[in-house]
Amino acid sequence: MKMSDLVEINYRLLAVLPRLGINIGFGEKTVSRICRETGVDPAAFILICNMYSYQGYMPTEEALEAADPQSVLKYLHNSHSFYVEDNFRELECLMDRLVAPCSASQKKIILDFFDGYRKEVENHFDYEEQVFFPYVDSVMKGKGPGDYSAAKFEENHSNIEEKLDDLKNIVMKYLPPVCSPRLANDVLYAVFSLSEDLEKHTNIENLVLVPMVNRMENKKEA
Amino acid sequence: MTVFLIMPSRIMARGIEGVFHDLGEFKVEGIVSDISSREEAMLKNMSVDAIIVDPAVFAHSSRGNVKHFISEYTDAPVVAFPSMLMDDESARQYDAVLNLYDSPAEIIHKLRTAVSAPKDNASADGSELSSREKDILICVAKGLINKEIADLYNISIHTVITHRRNITRKTGIKTVAGLTVYALLNNLIDPSSVE
């Protein structure tokens, strides 16, 4: 299958590709050729695309066995950078413009809330980057599990959706009337799509990466 | 399930208690014979499944707004049990109307239907915050914890949690930070009180 046909099927995959180092300008190249050229494991690529495209998709044991955890890890790691550098920055610009006509105190209230949300998510990412991902890396390299485990990660995997949901409600329902409805719509589109994207991201962590790590941990103990 | 009675007639209140006693399922949580500030305070602190009210408690001119008045304090369905004739127009505001000649089974049936009916979200009243919910929201926004709010208003923590759940259901806002933004944008609190 051609990569361009894949995007034709689900254009939202356009968000996934750059996180795997795949850039547009595919020409007539097939998915497998592009994967080979960019060093992405094709089985992991298909698994991620399925997780991203189908609500409630549960990966099969075979799919988890076949996919390379390194590629999944790369995807998740790069996603974090995209969220922080692209999505949050874009949303911040939109929010700044949205609340520009508000009173100074209203502006501060709303922007402080957004800032609080952003910091919370960044902390969440930092934990994954500094604790969980290095652990996964060491398990992949065949080191013993030590005293950390994927189970511990699941325990600490906090909910980062609530505040984004609140932001959605605040913008949709309680914004001061001086704000531009057009800009409010732009913010809402961005928030809804970010929220969907984050949900898929969390699913890939919980339903793909964690089971993969469990499998490796068990092998080591056996 | 618990029911709060607002009725001046002792004999009618006793009658309801008797029906509940015989048939189980419902229980009278409190009875007041009038609506003064003391009773209003009681109503505020109550978390019951239904309110039964005799419209005779209210002055004739305000009888059209009984449901509205009570829903300021609670989300529970309001059932009328009139001791005198009531016009159809004012009967319509209630979630159910009991009749002096209803059989005990009928009374239970009407209450059960009123309690299980989906909350009337179509009307603005069902989704606007009540004044008590606003009080609680202000406390939450100011950073008080449930225990402190319970002590402040002399209500149980359970009641505070019920109010908070309703606030979240109505506004769609779950986090304390989000509720603070709501309170500030709606001018319920002063920005200086949350610094």
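Every read-out reported here was derived from the displayed coordinates using simple, explicitly stated rules and does not represent laboratory data. Keep in mind that what you see is a predicted model, and the values were worked out from it rather than measured. Every residue, glycine as well, gets a Cβ built from its backbone with ideal geometry; the counts of neighbours run over all protein chains shown.
Comparing B:11, B:35, B:52, which has the greatest mean-square fluctuation in the GNM of chain B with Cα pairs linked when under 10 Å apart?
Largest GNM mean-square fluctuation: B:11.
How far apart, in nm, are two points set 7 Å out from the Cα along the Cα-to-Cβ line at residue B:2 and at residue A:137?
5.7
With a sphere of radius 12 Å drawn around the Cβ of residue A:42, what net charge do the other residues whose Cβ falls strictly inside it have (Lys, Arg +1; Asp, Glu -1)? List each step's numbers first, then the result.
Numbers: positive: A:33, A:36; negative: A:37, A:41, A:68.
Its environment carries a net charge of -1.
Counting just the Cα atoms, what span does the protein assembly as shown cover along each of its three principal axes? Round to the nearest Å and put the largest first.
Computed over the Cα atoms, the extents are 87, 55, 43 Å.
Take A:118, A:182, B:14, A:215 and order them by how many other Cβ atoms sit within 10 Å, fewest up front. Display every interim value, and only then the final one.
Details: A:118 20, A:182 9, B:14 12, A:215 16.
Final ranking by Cβ density, sparse to dense: A:182, B:14, A:215, A:118.
Nearest 0.05, what FRET efficiency do residue B:14 and residue B:157 give at R0 = 35 Å with Cβ-Cβ as r?
Values: r = 33 Å, r/R0 = 0.94.
Computed FRET efficiency for residue B:14 and residue B:157: 0.60.
Can you give the angle from 0 to 90° between the axis of helix A:42-53 and the longest principal axis of chain A, with both taken from C-alpha atoms, to the nearest 10?
Taking the Cα atoms of chain A, the angle to A:42-53 is about 30 degrees.
Largest first and in whole Å, give the semi-axes of segment A:41-141's equivalent ellipsoid, each being the square root of 5 times a Cα gyration tensor eigenvalue. Please list the in-between numbers first.
Values: eigenvalues 263, 54, 21 Å².
Three semi-axes, in Å: 36, 16, 10.
Can you tell me how much longer the chain between residue A:7 and residue A:29 gets when fully stretched, taken as 0.36 nm per residue apart minus their C-alpha distance, in nm with one decimal?
Numbers: separation 22, 0.36 × 22 = 7.92 nm, distance 1.27 nm.
Contour length minus Cα-Cα distance gives 6.7 nm.
Arranged by the count of other C-beta atoms within 10 angstrom, fewest first, what order do B:137, A:188, A:198 take? Could you put the intermediate results ahead of the total?
Working: B:137 24, A:188 15, A:198 18.
Going from sparsest to densest Cβ surroundings: A:188, A:198, B:137.
Once fully extended, how much extra length lies between residue B:89 and residue B:145, figured as 0.36 nm per residue of separation less the alpha-carbon to alpha-carbon distance?
Working: separation 56, 0.36 × 56 = 20.16 nm, distance 4.36 nm.
Roughly 15.8 nm would be gained on extension.
Listed here are the pairs A:173/B:170; B:110/B:170; A:141/A:220; A:74/A:152; which of them are more than 23 Å apart at the Cα?
Over 23 Å apart, Cα to Cα: B:110/B:170.
What percentage of all Cα-Cα pairs in segment A:68-221 are separated by more than 22 Å? Don't skip to the answer; put the middle values down first.
Working: 5548 of 11781 pairs.
So the portion of pairs separated by more than 22 Å is 47 percent.
Given labels modelled 7 Å from the Cα in the Cβ direction, how far is it in nm from residue A:216 to residue A:112?
In this crude spin-label approximation the distance works out to 4.3 nm.
Between segment A:99-117 and segment A:12-87, how many Å separate their Cα centres?
So the separation of the two Cα centres works out to 36 Å.
Please average, across the residues of B:175-187, the number of beta carbons from any other chain that are within 10 Å of each residue's own beta carbon, and give a whole number.
Partner-chain Cβ atoms within 10 Å, mean over residues of B:175-187: 6.
Cα-Cα pairs above 12 Å in segment A:3-61: how many percent? Numbers along the way, then the final one.
On the way: 1142 of 1711 pairs.
Tail of P(r) above 12 Å: 67 percent of Cα pairs.
Note down the magnitude of the dipole of segment A:68-221 about its Cα centre, charges +1 on Lys and Arg C-beta and -1 on Asp and Glu C-beta and zero elsewhere, to the nearest 20 debye. If you can, show how the numbers build up before the last one.
Numbers: 18 positive and 28 negative charges, 36 e Å.
That gives segment A:68-221 a dipole magnitude of about 180 debye.
Label residue B:100 and residue B:186 with points 7 Å out from Cα along Cα→Cβ: what is the distance between them in nm?
4.2
Any idea what the alpha-carbon Rg over 2.2 N^0.38 Å comes to for segment B:2-124?
Working: Rg = 13.3 Å, N = 123, 2.2 N^0.38 = 13.7 Å.
Output field value: 0.97.
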